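Notes to accompany the following structure.
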Amino acid sequence: MQIMAFLRRYARRYHLGIASVFLTVLLLTACEKEPRDLLAACTDLVAAFEPADRPVTRGVPQVIGPLSVRIEFSWGAGERDALTCHFAARAQALETPPLRAVETLRRGALSDRELMVLDLWARLPGAGPTLYQPGQVWEKQALSGTAYFVQQMLNALSVGSLYALIAVGYALIFSLLEIVNFAFGELAMVGSILAVIVILLLGGAGVDSAWVLLPAAVMAVLAYGGVLGAVIDRSVYRPLGRDSRLTPLVAAIGLALVVQNSVLLAQGARSKYLPPLIGGGWTLHLGESTVRFSFNQLTLMLLTLCVGIALHYSVQRTRFGRDLRACAADPKMAALLGVPVDKVIARAFMLSTALAGLGGLVSVVYYGQTDHSIGLALGFKALTGAILGGIGSLTGAMAGALLVGLVEILFAGFVSNEMRDLAVFVLLVGGLIVRPTGLFGTKNETSS
């Protein structure tokens with residue numbers, strides 16, 4: 001206890017200095033680390049799209065997303081093309097991530113059959129080109145550390161926006177019942193699986209417009225999440241009583257295991273892939289490098305911003321928000337004043353579960369891959385954001401989630417991709433030591 005008290009006093013006194021040193025280390029290492037395996041894997045595929053009878057000039061490979069690489073190349077009198085490789089999440093730390101989609105400016109997105117042929121071509125002995133020299137790319141990337149840093153900041157905001165959608169669910173339930181629903185990560189996973197099913201079914205029916213596929217998937221996920229939240233409240237949490245804290249915690253862990261294994265039995269262990277639905281974006285040239293802000297990232301940020309504004313308005317300006325704040329402050333007094341406490345809690349479960357499912361949909365659209373096991377990582381990082389921001393505050397949960405995304409992506413891009421989760425653990429422990437109540441929390445009040 002004396003050691004923890006000493007660490008807490010030391011961290012409170014020097015927390016600004018610690019944060020400054022951490023940020024300085026990240027900035028200084030911006031020119032020293034890069035995902036070489038992704039750059040090499042995508043560069044090796046350029047030869048399949050280059051004209052064989054003309055000299056080709058290749059640009060510098062650019063990391064445009066957590067698992068996306070873009071390479072521009074030109075030939076002749078102004079003829080140019082660009083190859084964009086989207087990789088799926090790797091199964092093991094030492095394994096090169098598999099391709100999930102490939103796009104070119106001239107041909108567009110490759111079909112599944114063309115992608116399979118391209119993958120087979122890359123595996124043939126001697127088929128891959130030998131023109132890729134990591135040393136040269138390393139030096140050019142070192143000259144453009146600013147562009148690389150800006151690109152990673154955009155990626156961090158996108159990932160943080162994803163975590164924010166799930167983090168507000170944690171904050172909403174905790175503000176009412178002071179319990180942590182550990183099943184939110186698995187509920188987000190269910191939302192991602194449902195989104196893939198809806199999009200594939202509509203695609204099989206001939207619908208190929210993202211303006212139809214995405215809204216249909218969003219409506220399906222929100223509706224299913226609302227119904228599932230009501231069922232969970234009625235069948236799991238309400239029978240256990242509202243006064244206990246430990247029993248609902250154990251029930252949440254059991255619920256998470258049930259949901260995960262149910263999806264495993266129903267869908268199998270194979271990953272589900274989704275081709276990019278939102279293409280295009282803006283390109284900013286900084287020296288010899290380019291920073292790409294895709295419409296996919298813009299859509300994710302705007303969606304999170306709209307959800308945050310809608311939540312703030314509903315909590316502060318509507319009758320449901322007034323009842324919600326009354327139940328969070330004193331449920332017994334609210335019941336005496338005529339507030340339907342059980343209905344308010346049920347609606348909060350419906351809303352939080354729908355938001356978790358929406359976070360899962362955004363995850364599969366952004367990363368292009370999902371399976372039954374993604375819930376643990378999503379739930380933990382979103383919960384970390386909710387705790388860092390003040391777990392009873394909706395605004396704090398969103399701010400903390402953005403902070404988690406920032407630290408995770410900057411650490412992965414500048415230090416080590418394999419240890420990105422460790423950085424989130426360290427951030428959580430350090431945040432609890434420096435400010436146990438979170439950024440927006442107080443000692444006497446945890447509700448919004």
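From the list Ala251, Ala217, exactly one residue is touching a residue at least 40 places away in the same chain (Cβ under 8 Å), part of a helix (DSSP H, G or I), under 24 Å from Leu165 (Cβ atoms) and of a type outside the set (Val, Ile, Thr). Which is it?
The match here is Ala217.
When the residues of segment 338-364 are narrowed to those that are of a type outside the set (A, V, I, L, M, F, W, C) and free of Cβ contacts under 8 Å to residues at least 40 places away in the same chain, which ends up surrounded by the fewest Cβ atoms within 10 Å (Cβ to Cβ)?
Per the stated criteria, the residue is Gly338.
Show the residue pairs that are 6+ apart or on different chains and have beta-carbon atoms under 6 Å apart, the first residue being within segment 96-108 and in contact (Cβ under 8 Å) with a residue 40 or more places away in the chain and surrounded by 12 or more Cβ atoms within 10 Å (Cβ to Cβ), the second being charged (D, E, K, R) and assigned to a loop (DSSP other than H, G, I, E, B).
Close Cβ pairs satisfying both conditions: Pro97/Arg90.
Give me the residue from segment 391-414 that is touching a Ser or Thr at 6+ places or on another chain (Cβ under 6 Å) and more than 21 Å from His86 (Cα to Cα) and, out of that set, modelled with the highest pLDDT.
Here the answer is Val404.
Being at pLDDT 90 or above, acidic (Asp, Glu) and either surrounded by fewer than 19 Cβ atoms within 10 Å (Cβ to Cβ) or more than 18 Å from the chain's Cα centre (by Cα) (or both): is that true of Asp233 here?
When the stated conditions are applied, Asp233 passes them.
Open to solvent by less than 80 Å² (accessible area, probe 1.4 Å) and in contact with a Leu (Cβ under 7 Å, 6 or more places away or on another chain): is that true of Val315 in this structure?
The answer is yes for Val315.
On the basis of being surrounded by fewer than 19 Cβ atoms within 10 Å (Cβ to Cβ) and either free of Cβ contacts under 8 Å to residues at least 24 places away in the same chain or closer than 13 Å to Glu186 by Cα (or both), does Leu422 make the cut?
For Leu422, the condition - surrounded by fewer than 19 Cβ atoms within 10 Å (Cβ to Cβ) and either free of Cβ contacts under 8 Å to residues at least 24 places away in the same chain or closer than 13 Å to Glu186 by Cα (or both) - is met.
For segment 220-230, which positions are among the aromatic types (Phe, Trp, Tyr) and open to solvent by less than 60 Å² (accessible area, probe 1.4 Å)?
If the condition is that a residue be among the aromatic types (Phe, Trp, Tyr) and open to solvent by less than 60 Å² (accessible area, probe 1.4 Å), then no residue fits.
Kindly provide the set of residues from segment 115-132 that are at pLDDT 70 or above, out of contact with any strand residue (DSSP E or B) (no Cβ under 8 Å at 6 or more places or on another chain) and open to solvent by less than 90 Å² (accessible area, probe 1.4 Å), ordered by number.
Val117, Trp121, Ala122 - these are the residues of segment 115-132 that are at pLDDT 70 or above, out of contact with any strand residue (DSSP E or B) (no Cβ under 8 Å at 6 or more places or on another chain) and open to solvent by less than 90 Å² (accessible area, probe 1.4 Å).
Kindly evaluate Ala217 against the criterion of being surrounded by 17 or more Cβ atoms within 10 Å (Cβ to Cβ) and either among the charged types (D, E, K, R) or closer than 23 Å to Asn261 by Cβ (or both).
Against the criterion (surrounded by 17 or more Cβ atoms within 10 Å (Cβ to Cβ) and either among the charged types (D, E, K, R) or closer than 23 Å to Asn261 by Cβ (or both)), Ala217 does not qualify.
What is the one condition in (1) in contact (Cβ under 8 Å) with a residue 60 or more places away in the chain; (2) of a type in the set (A, V, I, L, M, F, W, C); (3) part of a helix (DSSP H, G or I) that Val180 does not satisfy?
(3)
Please indicate, with yes or no, whether at least one residue in segment 194-213 is open to solvent by less than 70 Å² (accessible area, probe 1.4 Å), among the small types (Gly, Ala, Ser), modelled with pLDDT of 90 or more and in a helix (DSSP H, G or I).
Within segment 194-213 (the criterion being open to solvent by less than 70 Å² (accessible area, probe 1.4 Å), among the small types (Gly, Ala, Ser), modelled with pLDDT of 90 or more and in a helix (DSSP H, G or I)), the answer is yes, since at least one residue qualifies.
Could you tell me whether Asp81 is among the charged types (D, E, K, R) and modelled with pLDDT of 80 or more?
Yes.
Among the residues of segment 372-392 satisfying the criterion of being open to solvent by 20 Å² or more (accessible area, probe 1.4 Å) and assigned to a loop (DSSP other than H, G, I, E, B), which is farthest from Lys272 (Cα to Cα)?
Once the filter is applied, the top-ranked residue is Ile391.
The values are calculated or read from the model by the stated rules, or taken from the named source; none is laboratory data. This structure is a prediction, so every number in the text was calculated from the model and none was measured. Backbone-built Cβ (ideal geometry, glycine too); neighbour counts: all protein chains shown. Only protein heavy atoms, including side chains, enter the accessible area calculation; ligands, DNA and RNA are left aside. Shrake-Rupley method; radii C 1.70, N 1.55, O 1.52, S 1.80 Å.
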